[in-house]
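Notes follow once the structure below has been shown.
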Amino acid sequence: MSTDGKINVMALDWKTIGELWHIPVITAAVAPSRYSFSLLTDGIKEFTINIPSPKINSAIIIVGSKSGRNTDKFRDANLEPIKGDQTKVPTIKDSLLSYECKIVHETKSTDLKK
Ligand SMILES: Cc1cc2nc3c(=O)[nH]c(=O)nc-3n(C[C@H](O)[C@H](O)[C@H](O)COP(=O)(O)O)c2cc1C
C-alpha cells in the first residue's frame with residue numbers, strides 16, 4: 001500500500017513460511033521490476049499474503065500478468081479487499097487463509113538461478 005492509500009495485488013509463489021525466535025516469519029521474494037516492489041519499499045511497511053480459494057483462483061492469471069502501475073487489479077480480477085485486523089493493508093475476500101504481515105527486514109538476494 002502506498003503512503004496515500006493505493007492498494008495493489010500480485011501473484012507470489014516465491015516464499016517460505018517459517019519461524020524465528022518463536023515468531024512466525026514469512027520470507028517473500030519480489031523482483032525489483034514489480035510495481036509491488038516499489039509499494040513495499042516506499043509505501044507502508046506492511047503486506048498481506050492471501051491463499052486463494054477455488055472461488056477466486058482464476059484471479060491469479062490477471063494479478064500475475066498485469067501491473068498495478070497501469071490498472072486496478074482488484075477491479076480487473078473481481079477481488080474484494082477486506083479491512084485488515086492487524087494491518088492497514090487489506091486482506092482479500094474468499095481467501096482460504098490470510099497472513100497479515102509487517103516488514104521486519106529487507107535484503108537484496110543474489111540470482112539463485114545463476
Ligand atoms: C503463479 C505466479 C506466481 C508468481 N510469483 C512471483 C513471485 O514470487 N515473485 C515475483 O516477483 N513475481 C511473481 N510473479 C509475477 C508477478 O505476479 C507479476 O509480474 C505481476 O504482474 C506483478 O504485478 P505488479 O507490477 O502490479 O506488482 C508470479 C506470477 C505468477 C503468474
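Given the criteria β-branched (Val, Ile, Thr) and within 13 Å of the ligand (Cβ to nearest atom), does residue 41 qualify? Taking the combined requirement at face value, the residue satisfies it. The criterion of being over 16 Å from residue 87 (Cβ atoms), out of contact with any strand residue (DSSP E or B) (no Cβ under 8 Å at 6 or more places or on another chain), within 11 Å of the ligand (Cβ to nearest atom) and of a type outside the set (A, V, I, L, M, F, W, C) holds for residue 13. The set of residues in region 54-99 being among the polar types (S, T, N, Q) and either within 16 Å of the ligand (Cβ to nearest atom) or closer than 12 Å to residue 10 by Cα (or both) consists of 57, 58, 65, 67, 70, 71, 95. A search for C-beta distances below 9 Å between a residue of region 67-91 that is over 17 Å from residue 49 (Cα atoms) and any residue that is open to solvent by 20 Å² or more (accessible area, probe 1.4 Å) and among the basic types (Lys, Arg), counting only pairs 6+ apart in sequence or on different chains, returns 67/34; 76/66.
Taking region 1-29, which residues are farther than 18 Å from residue 74 by Cβ, surrounded by 11 or more Cβ atoms within 10 Å (Cβ to Cβ) and among the β-branched types (Val, Ile, Thr)? Listed by number, the residues that qualify are 17, 25, 26, 27.
The values are calculated or read from the model by the stated rules, or taken from the named source; none is laboratory data. None of these values were measured; they are calculated from a predicted model. No Cβ is skipped: glycine too gets one built from the backbone with ideal geometry, and neighbour counts run over all protein chains shown. Calculation scope for accessible area: heavy atoms of the full protein, side chains included, ligands and nucleic acids excluded. Shrake-Rupley method; radii C 1.70, N 1.55, O 1.52, S 1.80 Å.
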